[in-house]
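Asker: One structure follows; several queries about it will come next.
The values are calculated or read from the model by the stated rules, or taken from the named source; none is laboratory data. Since this is a predicted model, take the numbers as computed values, not measurements. Quick reminder, even Gly has a Cβ in these numbers, built from the backbone with ideal geometry, and neighbours come from all protein chains shown. What goes into the accessible areas is simple: the full protein's heavy atoms, side chains included, and nothing from ligands, DNA or RNA. Shrake-Rupley method; radii C 1.70, N 1.55, O 1.52, S 1.80 Å.
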Amino acid sequence: MPPGKVLQPVLKMKVDELFLCWLSESSTQAMLRDCLRRIQMPAMPERGAGDAAQPGPWLAAAAPDPAWRPHECEGPGAPGPSPASTALPVGAASSARSGPPIRGPRRPGGARVVQTRKEEPLPPAASRSIPTFYFPRGRPQDAVNVDTVIAKIERTFAQFPHERAAMEDMGRVAKACGCPLYWKGPLFCSAGGERTGSVSVHKFVAMWRKVLQNCHDDAAKFVHLLVSPGCSYLVQEDFVPFLQDVVNTHPGLAFLKEAAEFHSRYITTVIQRIFYTVNRSWSGKITCAELRRSTFLQNVALLEEEADINQLTEFFSYEHFYVIYCKFWELDTDHDLLIDAQDLARHNDHAISTKMIDRIFSGAVTRGKKVQKEGKLSYADFVWFLISEEDKKTPTSIEYWFRCMDLDGDGALSMFELEYFYEEQCRRLDSMAIEALPFEDCLCQMLDLVKPQREGRITLQDLKRCKLANVFFDTFFNIEKYLDHEQKEQVSLLRESESEGPELSDWERFAAEEYDILVAEEAAGDPWEDGYEAELSPVEQKLSALRSPLAQRPFLEAPGGLGAVDLYEFEGGDDNLPRS
């Protein structure tokens, strides 16, 4: 090896491997043992110069025979060489000139060499003891006493006839398990209660003991209770029994019991909102990790404490469902629970550009097969569209519109893509006799707004860092909101985005305003109920019927179960839920 050349990491590993191989040879080990014995021998006494010519008897006995060669075989009767001379290759013979004064200094040198070779390299990283740091089912807790929990459950079951719990009894069982009240539905189904109508104490204890042993936090337990056997993630259908129990038993939804045809619509809306917020990977599969990072389980716990379901605006609000369903009903003129591109274009008085409508139906943000095959958008897809359209500041909505604007799917918006969408905005402004800002000037404004890290391209991360992503998107495909933003100063927009405190989100503000409008329209229609029928247009007739979900709908057949609404269909998977 040239002097000064440093061993490369791969070569050093090979050298270490060869050294360990040499060190494991039996001959090498014998040599090292003999060397260790020679080091441990008592130090040789000091001799004067006159003693060098007459070596002592012990030195003569220890000196090897000069005629001996390591590779010669001696007869059985001949005296063999000493162990020191066979193991350690240090000098053939001792002479008067090479007495103790010469050999003495060599021993410390030999000792240093042996000590250096005895240092073994550190073991590889794979053999070291690394503490566990990945807990897909939660970090185990030593404080949990499984036997104590099981005993409490058994005492609860002892209060039921024949120690069997019906669905009505599962609230007390859930509390005995230390779970929120509305886990009772998943607990009942996971123990097989939906098949027999009740759960025995033995079957439930066996199920819950397994959960406690394998799942160590609420997210892992909830997923385990809802998933199908052999599955480790939640799909949309897994939430149906849980939400059906919420509809049946929550006091804030008691008025909905008499309108069973709307149960499936409400459940579908809540499921889409859950996946919209929790499923950040857009995979259609909610994992334990995604559930832990979300606030869904906290909202489930609040169902027990909050009697007004409309206060839980993140997932369960009935008012939000009412607004979404009414908006969809206005567009779905044939009431087949599917809308096409022309129907969607009428949303908000044709505010969204046709190019963006085409992108929505291209499959960039939808998973249903009907979108690609028949050009139809289901109610489930409309929930995602409406929430994204009315609140463009959330991570999911930013991803939603970024996917639509990213025409080539390269993960960045080029200047060509921005100009492609802005062209239609200019034409629409011209038709309204409004002078449009040239694209170059608009582009400078948007780049100053977003401040992308790389020149000439805007990435998803750039838009998520920007606090005015809604202004950016509306500039390119929503004419009404673009004009609204133009009337406000950018400073006021930024002040609104930076306001702190428990302010309503854009979606919550929109839903509250729309619900008030619908209620006001319903109240305004009450004076006509005096025995005389006012002349209403066909559209007004449909809207008047929509204002109350409990009203009779002669023009709409009562929908079936949840399967009547198209949930998202995943690429590798199943078709829509079976229709009832």
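Asker: For the residue pair E424 and S24, what label-to-label distance in nm results when each label sits 7 Å from Cα along the Cα-to-beta-carbon direction?
Answerer: Spacing of the two 7 Å Cα→Cβ label points: 7.0 nm.
Asker: A further question follows. Using amide H atoms built 1.01 Å from N in the peptide plane, name the residues 5+ places from D340, or on other chains, whose amide H lies under 5 Å from its own.
Answerer: Amide H neighbours of D340: L377.
Asker: A further question follows. Can you flag which of K376/K467; K175/K210; K203/K285; K184/K327; K285/K467 are past 23 Å Cα-Cα? Numbers along the way, then the final one.
Answerer: On the way: K376/K467 33 Å; K175/K210 18 Å; K203/K285 29 Å; K184/K327 33 Å; K285/K467 29 Å.
From K376/K467; K175/K210; K203/K285; K184/K327; K285/K467, over 23 Å: K376/K467; K203/K285; K184/K327; K285/K467.
Asker: Let me ask something additional. Tell me whether segment 125-275 comes out rounded, prolate or oblate; compute the Cα gyration tensor, take square roots of the eigenvalues as a ≥ b ≥ c, and use a/c under 1.5 as the rounded threshold. Write out the running numbers ahead of the final one.
Answerer: On the way: a/c = 2.48, a/b = 1.34, b/c = 1.86.
Judged from the Cα gyration tensor, segment 125-275 comes out oblate (a/c at least 1.5, b/c at or above a/b).
Asker: State to the nearest 20 debye the size of the charge dipole of segment 166-216 about its Cα centre, where the only charges are +1 on K and R beta carbons and -1 on D and E beta carbons. Before the final figure, lay out the partial values.
Answerer: Values: 7 positive and 3 negative charges, 33 e Å.
In total the dipole reaches around 160 debye.
Asker: Right, another one. So between Q311 and A254, what do we pick up on full extension, going 0.36 nm a residue minus the alpha carbon distance? Provide the component values of the computation, followed by the final result.
Answerer: Numbers: separation 57, 0.36 × 57 = 20.52 nm, distance 1.54 nm.
Length difference between fully extended and current span is 19.0 nm.
Asker: How many angstrom lie between the Cα centre of segment 419-476 and the Cα centre of segment 223-296?
Answerer: 37 Å
Asker: Okay, moving on. Using mean Cβ contacts within 10 Å as the protection proxy, how do 376-385, 514-523, 190-199 order, highest first?
Answerer: Result, highest mean first: 376-385, 190-199, 514-523.
Asker: Could you order peptides 342-351, 252-261, 281-290 by the average number of other Cβ atoms within 10 Å of their residues, highest first? Don't jump to the answer; show the numbers that get you there.
Answerer: Values: 342-351: 15.4, 252-261: 13.8, 281-290: 17.7.
Highest mean packing first, the order is 281-290, 342-351, 252-261.
Asker: Check which residues have an amide H placed less than 5 Å from L413's amide H, if you skip close sequence neighbours.
Answerer: I458, T459
Asker: Does segment 216-297 come out rounded, prolate or oblate by the C-alpha gyration tensor, with a ≥ b ≥ c the root eigenvalues, rounded set by a/c under 1.5 and, if not, prolate when a/b is larger than b/c and oblate if not?
Answerer: Numbers: a/c = 2.05, a/b = 1.83, b/c = 1.12.
In terms of gyration-tensor shape, prolate.
Asker: Please calculate the 1.4 Å probe accessible area of S26, with all protein chains present, and give it to the nearest 10 Å².
Answerer: The value for S26 is about 90 Å².
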